[in-house]
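Here it is, the structure in full.
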Amino acid sequence: MIEDRPKYAQAFAHTFVQDHLEKPLFGKPHMKRGAFWGACAYGFQQCGLLGRLFTGNSRPFIYAMSAEKGEEERVLEFLDSGVSARVLPYLVTGPTFHELVQYWQKEKLNSSDSGLVFFEKYAPNKLSADEAMKPMYLWSMYGAYLGLKYPEAIINLYETTYKPVDSREWEQAYKFGVVSTPTQEVFSVGELTNEIRQSFYEFCSEWYPELMPVLFQD
């Protein structure tokens, strides 16, 4: 039975995409491809940091994040399969969050997956809200699962992502859509974690009050 309650990862992705759509005077709201990859990376990062906090409470955490009641184990198995195929093989390269979410896509483009090749070559550079939101939601859940199962991997990704970069290199990366801000912004793990934890806390207190004693015992 599907509950009439939102799930955090979906709400998180929906809000982020809506807040970052370009809304031209003429034409439909959209998100450009470079910003889209940045959104996926941000979702992976933030939900990964959040997942680290609930390694001992995976079932209630996944329930509030994405799963329907009674489907928690099935969702965890699905995420394990996705992370094993799309994330773990690329961690050895020491990527940033942004690089990680693109590695799998780039490798698939060199395979015989003609449908994906067609999408990347011929799809417009502008994505609708729905086209951007669904992959961001999925990558957010991959991040959440990686944080649950491999919390140290999230820290390694953070340290690589936020290491100081020469300002000229950053400007070039921004020009080509590799990063989403014109100058490098450095946040501590604590700052980023507190931000997403507070957001999740407020969401659960409104929609999943029965989980509060389990997820937030402090």
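Could you check residue 60 against (1) over 17 Å from residue 215 (Cα atoms); (2) in a helix (DSSP H, G or I) and say which number it fails?
(1)
Which residues, taken from the stretch 63-83, are small (Gly, Ala, Ser), assigned to a helix (DSSP H, G or I) and surrounded by 12 or more Cβ atoms within 10 Å (Cβ to Cβ)? Spell out the reasoning first.
The first filter runs over the stretch 63-83 and keeps only residues small (Gly, Ala, Ser), leaving 64, 66-67, 70, 81-82.
From what's left, assigned to a helix (DSSP H, G or I): 64, 81-82.
Answer for the stretch 63-83, where residues must be small (Gly, Ala, Ser), assigned to a helix (DSSP H, G or I) and surrounded by 12 or more Cβ atoms within 10 Å (Cβ to Cβ): 64, 82.
Right, something else. Among the numbered conditions (1) surrounded by 15 or more Cβ atoms within 10 Å (Cβ to Cβ); (2) in contact (Cβ under 8 Å) with a residue 12 or more places away in the chain, tell me where residue 99 comes up short.
Tallying (1) surrounded by 15 or more Cβ atoms within 10 Å (Cβ to Cβ); (2) in contact (Cβ under 8 Å) with a residue 12 or more places away in the chain, residue 99 fails exactly one: (2).
Are any residues in the stretch 160-218 in a loop (DSSP other than H, G, I, E, B), buried (at least 16 other Cβ atoms within 10 Å of the Cβ) and among the hydroxyl-bearing types (Ser, Thr, Tyr), and if so, which ones?
162, 180, 208
Only residues that are of a type in the set (Phe, Trp, Tyr) and without any contact (Cβ under 8 Å) to a residue 60 or more places away in the chain: list them for the stretch 158-191, please. Explain how you work it out, then say what you get.
So the first thing to find is which residues in the stretch 158-191 are of a type in the set (Phe, Trp, Tyr), and the list is 158, 162, 170, 174, 176, 187.
162, 170, 174, 187, listed by residue number.
Each value in this text was obtained by applying a stated rule to the coordinates, not by laboratory testing. None of the values given here were measured: they were computed from a predicted structure. All Cβ positions, glycine included, derive from the backbone under ideal geometry; neighbour counts span all protein chains shown.
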